[in-house]
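Read the structure below first, then the notes.
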Amino acid sequence: MSDKSESFTLGVSQRPAPGVWGLLSLQHLFAMFGATVLVPLLVGLPPEVALVTSGVGTLIYLLCTGGQVPAYLGSSFAFIGPIIAGAAAAGMEGALLGAFGAGCIYLVVAALVRIFGVGWLLKLLPPVVVGPVIIVIGLGLASVAVGMAQGTIAGGDYNLTHLIVALVTLGSIVFFSLVLKGFFQVIPILLGILVGYVLAAVLGMVDFSQVAAAPLFRVPDFVSFLGVFSAEGGVPWGALTIIAPVAIVTMAEHIGDTVVLSRVVGRNFIAKPGLHRTLLGDGLATMVAALIGGPPNTTYGENIGVMAITKIYSVYVIAGAAVLAILLGFIGVIAAFLSSIPAAVMGGVSIALFGVIASSGIRTLIEGKVDFGERRNLLIASIILVIGVGGATLNVSANFTVSSMALAAVIGVLLHLVLPDKHLGGDSETVLGGHG
């Protein structure tokens with residue numbers, strides 16, 4: 001006798017009934033929503049544009065993979081620090097130029113994987129390198145999260161009320177993550193934001209005037225980096241060195257997500273349709289996002305989690321979520337509401353998420369079975385952590401600066417290639433990614 005739950009399972013190429021399709025897609029929309037809009041809110045980009053670019057990027061990804069890989073793409077957390085640094089050095093248009101460069105790196109690597117296979121890439125990005133770099137991503141943003149939580153971000157004064165709101169938001173996320181089950185287990189961040197927002201509103205920290213005045217529909221504030229080519233100050237090529245090398249980290253996360261998704265669905269997506277096609281889709285999605293003012297995209301672990309729980313693997317459901325995200329980006333009330341969320345609320349969310357990013361780096365080291373009894377591995381990880389967390393940069397000239405995160409990643413890869421290796425420090429395919 002067959003399991004009754006099988007009737008609720010949809011394969012990759014199966015199309016759901018019209019009445020159910022929308023609900024299943026809406027579930028994926030909720031799963032990615034909180035994290036996708038959080039990134040632009042933190043770096044200063046329009047959140048409604050991020051919704052549009054996540055939807056467009058997902059559709060591009062589905063086309064590049066021939067509709068064979070049910071993955072949703074959203075804003076990448078790995079680029080938060082570099083975009084903030086790039087925007088400070090070269091303006092937001094310069095930062096978007098750097099993000100476009102990261103997408104170009106994806107395309108180059110995709111071509112190399114297509115020609116030479118995937119083995120070289122897996123050896124180039126082992127857990128002993130990727131794990132510490134992911135830790136750097138999380139810890140490098142710790143001061144940003146705390147500053148938002150207590151009101152000291154951008155030179156502001158310490159505010160106890162802001163800290164209380166942040167801690168309530170953080171506590172709600174922890175509570176919901178541990179207590180809720182089923183579908184609600186994948187949206188604790190969204191629920192935590194709602195709790196924090198309500199408390200902030202009660203305390204008079206929310207300005208509702210923009211929400212009340214917002215039109216129902218409006219065109220998002222698209223921004224392109226193309227303006228830098230006609231700017232008087234010249235093209236800020238230095239932004240490429242600050243942001244583009246982060247692609248080294250996000251490609252490792254991409255591989256991890258693809259491996260995990262393969263296990264969840266029961267297909268080897270690295271073999272078919274091939275890692276070169278998934279990298280191509282991710283890279284093109286990031287390039288298109290940079291062209292219209294959205295943050296770089298990456299495959300989302302939250303949506304993989306939804307598929308693992310529901311056993312619904314249909315690419316039609318993923319495509320439906322992408323279309324809903326695009327439509328949502330054009331609703332003016334949504335954009336105004338997102339912009340009205342106080343920094344204290346986002347600070348509480350950031351403390352949780354940035355900590356999770358750092359912890360996922362530790363998890364990468366554990367699951368990669370990295371032996372720290374071997375001095376080679378200990379040295380590589382230690383150097384990456386100190387350079388990344390310490391904020392070391394490579395300032396070659398006024399227009400050429402390599403960010404600490406990118407420098408840490410590049411040095412880590414070089415050390416892995418140069419230092420003698422008795423035996424490989426873990427299986428590269430066990431690298432687990434996320435939205436970080």
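Here are the numbers for this structure:
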{"read-out": "Lys pairs under 26 Å by Cα in segment 24-430, provided they are eight or more residues apart or on distinct chains", "value": "6"}
{"read-out": "Spacing of the two label points (7 Å from each Cα toward its C-beta) at Ser13 and Phe175, in nm", "value": "4.8"}
{"read-out": "Förster-model FRET efficiency, 45 Å R0, Leu216 and Arg375, C-beta, rounded to 0.05", "value": "0.10"}
{"read-out": "Packing-based exposure ordering (other Cβ within 10 Å, fewest first) of Glu93, Glu374", "value": "Glu374, Glu93"}
{"read-out": "Label selected from (i) 136; (ii) 151; (iii) 161, the criterion being volume of the Cα convex hull per residue in Å³ as computed here", "value": "(iii)"}
{"read-out": "Counted charge near Thr250, where neighbours are those whose Cβ lies closer than 13 Å (Asp, Glu -1; Lys, Arg +1)", "value": "-3"}
{"read-out": "Of the DSSP H helices in the chain, those whose Cα atoms cover at least 27 Å axially and whose Kyte score averages 0.0 or more", "value": "18-43, 80-116, 160-179, 343-367"}
{"read-out": "Inter-site label distance for Leu394 and Asp157 at 7 Å from Cα along Cβ, in nm", "value": "4.4"}
{"read-out": "GNM flexibility winner over the chain from Ser339, Ser13, Ser209 (Cα, springs under 10 Å)", "value": "Ser209"}
{"read-out": "Unit charges on C-beta of K, R, D, E only; dipole of segment 24-430, Debye", "value": "880"}
{"read-out": "Net +/- balance of residues flanking Leu45 in space, Cβ distance below 15 Å, scoring K and R +1, D and E -1", "value": "-3"}
{"read-out": "Rel. contact order, % - alpha carbon contacts under 8 angstrom, at least six apart, the chain", "value": "36"}
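Bear in mind these aren't lab numbers, they're just calculated from the coordinates by the rules spelled out. Fair warning: this is a prediction, and the values are worked out from it, not measured in the lab. Every residue, glycine among them, receives a Cβ derived from its backbone with ideal geometry; neighbour counts consider all protein chains shown.
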